[in-house]
Amino acid sequence: MATPSGHGGGDLVIICIFLAIAPLTTAIGVNYGTKGDNLPPPATVAAFLANRTIIDRVKLFDNNPDIVRAFAGTGISVMVTAANGDIPSLATKEGAAAWVAANVAPYYPTTEISLVAVGNEIMDTADQNLIGNLVPAMRTLKAALVAAGYRRIRVSTPSSLGILVDSQPPSATRFRDGWDVAVFAPMLQFLRRTSSPLVVNAYPYFGYNGDTLPYALARPNPGVRDAGTGITYTSMFEAQLDSVYSAMTKLGFEDVEILVGETGWPTKAMDGQIGVSPAEAAEYIRYLIGEVSSGSGTPLMPKRTFETYIFALFNEDLKPGPVAERNFGMFQPDMTPMYDVGIMKDPVKTAPAHDSDAAAPPEENGSSSAKASAPAPTEDRSSAATSPAPSEDESTDKTLEEAEGGEAPSSPKSESAAENSLEDDNSSKAAAKGGDTNKGSSEKTNPEEGGATQPPSGAASKATTFIFPVSWVLAVALPLVMHV
């Protein structure tokens with residue numbers, strides 16, 4: 001048989017290059033919070049992320065028009081958040097349509113809005129009006145998006161791991177009593193039907209103590225054994241995700257995607273707290289990027305990938321609470337990296353010791369306090385567990401299902417303006433008055449800095465897709481091409 005030609009060998013090498021590059025692309029993003037008095041303008045931030053970093057998606061805690069507009073044409077996808085106080089109105093057909101007209105239509109698809117988050121950690125507010133209207137608002141908002149021609153924009157809502165009980169070990173985890181049937185079963189049904197993810201915030205940082213630091217950072221450690229499955233976990237982050245998966249499985253929704261809305265590690269905390277410095281923050285973020293980039297999944301979810309949003313883009317000097325709250329940023333306000341984790345396109349010069357811990361401003365609305373803390377396995381801290389089931393509207397569900405069947409990809413570059421409109425919603429949810437006006441925020445507070453909650457527990461998130469450099473691949477492959 002004739003020896004293959006040199007061109008054929010070169011083609012083979014090129015194919016190998018693409019095979020090597022493909023696994024290195026994953027959905028990792030960053031949370032863009034704005035609680036600072038020294039932050040750069042949105043246009044500067046958008047240009048910096050697009051031109052100087054490999055970050056390609058961001059998550060916002062509101063729908064600030066200046067920020068949404070700044071990302072137009074950048075190729076960076078944006079997750080926007082509808083305020084907590086908007087939820088009762090969003091549960092009505094008229095309110096949802098008005099919100100889409102004001103907050104999506106002026107920007108999309110020039111700005112790639114990938115998902116609308118309905119509120120932020122609503123279950124932690126214990127507000128029965130918001131909790132009761134949450135799933136109806138998600139349904140009605142999605143219907144309004146489809147009717148307006150924005151079928152590909154997903155709808156979900158971020159939750160802390162406080163939605164879980166018996167989180168130790170993961171196999172025993174379930175959703176809190178009352179919420180499981182009243183809230184999460186219909187929510188997961190909606191997410192499955194619309195190909196949207198369950199968004200959870202997972203923070204190993206808020207679940208570690210001095211003895212469990214290696215487990216939280218996924219350093220070599222003896223691990224924590226789950227007697228229910230025989231699995232020994234050596235990563236708290238993996239255990240947290242598997243806890244969520246176990247709760248979903250108990251309701252029959254193990255196929256719904258999990259998106260990590262927030263996860264991170266601060267570079268500074270209270271004096272004397274072990275495990276907090278730029279070195280540990282970089283260690284955790286490097287681990288996180290490697291974990292979600294590998295495609296290996298978790299012990300209970302092998303070979304699954306997780307769109308993840310790192311908390312946070314900047315240190316935010318106006319955030320209340322402990323020192324750590326103001327020091328989760330990957331960048332200083334002048335956009336100097338706090339540490340090098342491989343996301344910059346140019347050589348990295350990291351920031352010197354920082355002082356983003358000026359006197360904390362007065363404590364604001366504390367509704368997000370449970371967001372960062374790991375769920376307490378032995379406590380049922382929420383009176384909202386007995387919240388009433390969201391009102392159902394079978395005709396609305398049927399219409400939405402017909403319009404949604406087989407939802408399209410999550411991050412479109414463009415959207416057809418000629419989508420089929422939904423049929424009339426015969427029983428739109430009535431808007432509840434006097435709802436909580438709490439806005440979705442970037443706050444994550446912990447009752448005790450570096451609390452001693454035993455592993456595993458927590459919540460995770462991220463918002464930037466990293467596409468790793470391929471120069472090293474080319475350096476190896478090109479000589480092979482020449483040789484062939």
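Within segment 240-290, how many residues turn out to be of a type in the set (G, A, S), under 13 Å from A216 (Cβ atoms) and over 17 Å from the mean Cα position of the chain (by Cα)?
Going through segment 240-290 one residue at a time, the tally reaches 2.
Which of the residues that make up segment 237-263 are assigned to a loop (DSSP other than H, G, I, E, B) and either in contact with a helix residue (DSSP H, G or I) (Cβ under 7 Å, 6 or more places away or on another chain) or surrounded by fewer than 18 Cβ atoms within 10 Å (Cβ to Cβ) (or both)? Steps first, answer last, please.
First pass over segment 237-263, keeping only residues assigned to a loop (DSSP other than H, G, I, E, B): 251-257.
Correct list: L251, G252, F253, E254, D255, V256.
Kindly indicate the residue of segment 105-122 that is closer than 22 Å to E307 by Cα and of a type in the set (A, V, I, L, M) and also surrounded by the most Cβ atoms within 10 Å (Cβ to Cβ) among those meeting that condition.
Applying the filter and picking the extreme gives V118.
Within segment 84-112, can you find the residues that are of a type in the set (G, A, S) and under 13 Å from N133 (Cβ atoms)?
If the condition is that a residue be of a type in the set (G, A, S) and under 13 Å from N133 (Cβ atoms), then G85, S89, A91, G95, A96 are the ones that fit.
Being open to solvent by less than 10 Å² (accessible area, probe 1.4 Å), assigned to a helix (DSSP H, G or I) and either small (G, A, S) or under 24 Å from K59 (Cβ atoms) (or both) is the filter here, so list the residues in segment 155-178 that pass it.
Answer for segment 155-178, where residues must be open to solvent by less than 10 Å² (accessible area, probe 1.4 Å), assigned to a helix (DSSP H, G or I) and either small (G, A, S) or under 24 Å from K59 (Cβ atoms) (or both): L161, G162, I163.
Quick check on segment 203-225. Is at least one of its residues part of a helix (DSSP H, G or I) and either of a type in the set (A, V, I, L, M) or within 30 Å of I153 (Cβ to Cβ) (or both)? Steps first, answer last, please.
Looking only at segment 203-225, we keep the residues that are part of a helix (DSSP H, G or I), and these are 204-207, 213-216.
In the following step, the residues that additionally are either of a type in the set (A, V, I, L, M) or within 30 Å of I153 (Cβ to Cβ) (or both) were identified as 213, 216.
Yes, segment 203-225 contains a residue that is part of a helix (DSSP H, G or I) and either of a type in the set (A, V, I, L, M) or within 30 Å of I153 (Cβ to Cβ) (or both).
Output the residues belonging to segment 296-315 that are surrounded by fewer than 19 Cβ atoms within 10 Å (Cβ to Cβ) and either part of a strand (DSSP E or B) or in contact with a Lys or Arg (Cβ under 6 Å, 6 or more places away or on another chain) (or both).
Answer for segment 296-315, where residues must be surrounded by fewer than 19 Cβ atoms within 10 Å (Cβ to Cβ) and either part of a strand (DSSP E or B) or in contact with a Lys or Arg (Cβ under 6 Å, 6 or more places away or on another chain) (or both): G297, P302.
Scan segment 35-55 and tell me whether some residue there is in a strand (DSSP E or B), surrounded by 13 or more Cβ atoms within 10 Å (Cβ to Cβ) and either modelled with pLDDT under 95 or in contact with a Ser or Thr (Cβ under 9 Å, 6 or more places away or on another chain) (or both).
Within segment 35-55, one or more residues are in a strand (DSSP E or B), surrounded by 13 or more Cβ atoms within 10 Å (Cβ to Cβ) and either modelled with pLDDT under 95 or in contact with a Ser or Thr (Cβ under 9 Å, 6 or more places away or on another chain) (or both).
Out of curiosity, is G321 in contact (Cβ under 8 Å) with a residue 40 or more places away in the chain, closer than 19 Å to Y208 by Cβ and over 17 Å from the mean Cα position of the chain (by Cα)?
Values: in contact (Cβ under 8 Å) with a residue 40 or more places away in the chain: yes; closer than 19 Å to Y208 by Cβ: yes; over 17 Å from the mean Cα position of the chain (by Cα): yes.
Judged against the criteria, G321 is a match.
The values are calculated or read from the model by the stated rules, or taken from the named source; none is laboratory data. Only a predicted model underlies this, so the values are computations on that prediction, with no experimental measurement involved. Note that we place each Cβ from the backbone using ideal geometry, even for glycine, and neighbour counts take in every protein chain shown. When the accessible area is computed, the model is the full protein with side chains, heavy atoms only, and any ligands, DNA or RNA have been set aside. Shrake-Rupley method; radii C 1.70, N 1.55, O 1.52, S 1.80 Å.
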